[in-house]
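This report concerns only the one structure given below.
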Amino acid sequence: MERCCWRAWPASWPEPMDALATLLAALPLELAREDGGAALLVALLPAFLLFEVPLNLLILLGVLRWFARQRFQRPFASAYRPRVSCIVTCYSEGPDVRKTLQSLCEQVYAGEIEMIPVVDGAAVNRETLRAIREFRVDPLLYPRRHLRPIAKWQRGGRVSSLNAGLAHCSGEVVMALDGDTSFDNDMVVAMVRHFADPQVPAVAGSLRVRNVFASWVTAVQALEYLLSIHMAKIGLGEWNLVNNVSGAFGAFRRSFLDKIGGWDTHTAEDLDITLRIKSYFGRAALRIPFEPAAVGHTDVPVGLRQLLLQRLRWDGDLYFLYIRKHRHSIAPRLLGWPNFLMTLLTGLLFQLALPLIILGYCLIGLLVLPWPQLLSLGALIYLVYLGVTLLLYGVLLLAVSERPREDLKLAPVILLFPLCMLGMRCWSAVAILNEMLRRGHEESGMAPWWVLKKGKRF
């Protein structure tokens, strides 16, 4: 029996199920002709249900669990106040680096904070070096705050700066921070309390966009950061499945950093060190918490070209790390079964396979489907993703956001968000292919070519 919903199609249009059957070569033509709804469902499955529903459901369940726990949790108080060393990697921030240092001075943490800004390529990066040298810490206003800058005259890249800071720091807890990121004044208190548990080698902090309304590009990124970093990591953190300790804002136990040899060469050092830490999860009951109360504010690319170049590097690095560098480490005996399965889902399938599937899906649709059917199918997919975005955004405002009035201003961006994310997924596929065919990570501006060349080739 034919479904009445397809009777709404004008008689002049070709039947959509034939085109969908062509698009899905694995689907028998007879099934498509008998039931266009089934063909449409199968068309959506690879891009949406197969990958994204389980992950979003896991995140939502984690968020609800976190929210319920927060309602009955007593305020945390601890006498644990270790010395904290903040390694601030600087390259071309100029005077903006003072905002970072000032926000560290103003922390309400009662313990010692050692600020170590490392100026990479100081011989040419004079403006940033001058801004740090002119910065003064008033010992009366900010007791127990110590500024110890390092000028690295030859450029060596971010990893080189982090390891230089690690070699000169004296804290029990080490924070890796970006020079263009400032922090709420209770950030250190919120992060450090987790290290009272000896089973915690690292803590991930939350990032918000500082230049939210500089352009439509930054507004879309602001919503993306809220959903994919702030909210998603709350949900994953409840199951000890945090997938990455952000390079712009993360904290580590010094003894554990020494154990694994600090940061490693190449790019995407944040995901790299997270995977190296997680390789101990199968041997010990370790955990990486996410702390939503520890908030950093960072500047994101204002123009579309700058954003695309940034994501070309970020998404290409994912293939390099998962497939080339850490393919032997992705095993249940090292990661433990929960993180092994999560790495397969989020890393290999969601971040590597899904962009290629979506790009292929879009290209085949453009080549095969007539325009009326293509627009109708595109509208349906848009509505599905819009509904998911509205659901996540609603949960964010009601259960997660510590700044709901500020986050409510991003509501108009929701209409644009699914289209932008589709575009970024397709661009992610381009970045993956660039890494597969051209080893694009070796062209990264995050480190000089000779540093990347000297690193081990995978």
- Message: Using each residue's phi in segment 221-238, evaluate 6.51 cos²θ - 1.76 cosθ + 1.60 at θ = phi - 60° and report the 3J(HN,Hα) Karplus result to the nearest Hz, with x for Gly and Pro.
- Response: 5, 4, 5, 4, 5, 5, 7, 8, 10, 5, 7, 4, 6, 4, x, 5, x, 5
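Taking the Cβ of each residue in Ser246, Ser215 as the centre, tally the other Cβ atoms inside 10 Å and list the residues starting with the fewest.
On the way: Ser246 21, Ser215 16.
In order of increasing Cβ crowding within 10 Å: Ser215, Ser246.
Grab the beta carbon distance between Asn185 and Arg65, set R0 = 30 Å, and tell me the FRET efficiency rounded to 0.05.
Numbers: r = 28 Å, r/R0 = 0.94.
Computed FRET efficiency for Asn185 and Arg65 comes out at 0.60.
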- FRET efficiency, Asp197 to Leu367 (Cβ-Cβ, R0 60 Å, nearest 0.05): 0.65
- Task: Distance between Cα centroids, segment 117-162 to segment 396-435: provide it in whole Å.
- Result: 34 Å
- What is the gain in length, in nm to one decimal, between Ala379 and Leu141 on full extension, counting 0.36 nm per residue of separation less the C-alpha to C-alpha distance? 79.9 nm
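Using 0.36 nm per residue of separation minus the Cα-Cα distance, give me the extension gain between Arg133 and Arg276 in nm, one decimal. Don't jump to the answer; show the numbers that get you there.
Values: separation 143, 0.36 × 143 = 51.48 nm, distance 3.51 nm.
The Arg133-Arg276 span can extend by a further 48.0 nm.
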- Count the net charge of all other residues whose Cβ sits under 14 Å from the Cβ of Leu226, scoring Lys and Arg as +1 and Asp and Glu as -1. +2
- Note on the structure: Put in order of increasing Cβ neighbours within 10 Å, starting from the fewest, Thr181, Thr274 give Thr274, Thr181
- Could you order peptides 248-256, 363-371 by the average number of other Cβ atoms within 10 Å of their residues, highest first? 248-256, 363-371
- Item | Radius of gyration and maximum dimension Dmax of segment 255-391, Cα, Å | 19.3, 61
- Looking at Leu352, Trp337, Val295, which one has the Cα that reaches farthest to the positive end of the dipole of segment 232-356 (charges on Cβ: Lys, Arg +1; Asp, Glu -1)? Trp337
- In segment 73-126, if every C-alpha pair distance is counted and binned at 10 Å from zero, what percent goes to each bin? 20, 40, 24, 12, 4, 0
- Message: Just want the ordering: Tyr393, Tyr80, from fewest to most Cβ atoms lying within 10 Å of their own Cβ.
- Response: Tyr80, Tyr393
- Give the calculated FRET efficiency between Arg439 and Ser228 to the nearest 0.05, with a Förster radius of 25 Å applied to their Cβ-Cβ distance. 0.40
- Query: Where the eigenvalues come from the Cα gyration tensor of segment 176-271, what are the semi-axes √(5λ) of the equivalent ellipsoid, largest first, in whole Å?
  - Reply: 25, 16, 14
- Taking Rh as the Kirkwood radius, which is the inverse of the mean 1/r over Cα pairs, what is the Rg/Rh value for segment 114-267? 0.97
- Item | Potential lengthening between Arg327 and His168 on full extension [0.36 nm per residue; Cα-Cα distance subtracted] | 54.0 nm
- Item | Distribution of pairwise C-alpha distances over segment 98-182, 10 Å bins, in % | 16, 52, 28, 4
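Only the coordinates and a few stated rules stand behind these numbers; no lab work does. All figures in this text were calculated on a predicted structure; none of them were measured in a lab. Here Cβ is always computed from backbone atoms with ideal geometry, including for glycine, and neighbour counts include all displayed protein chains.
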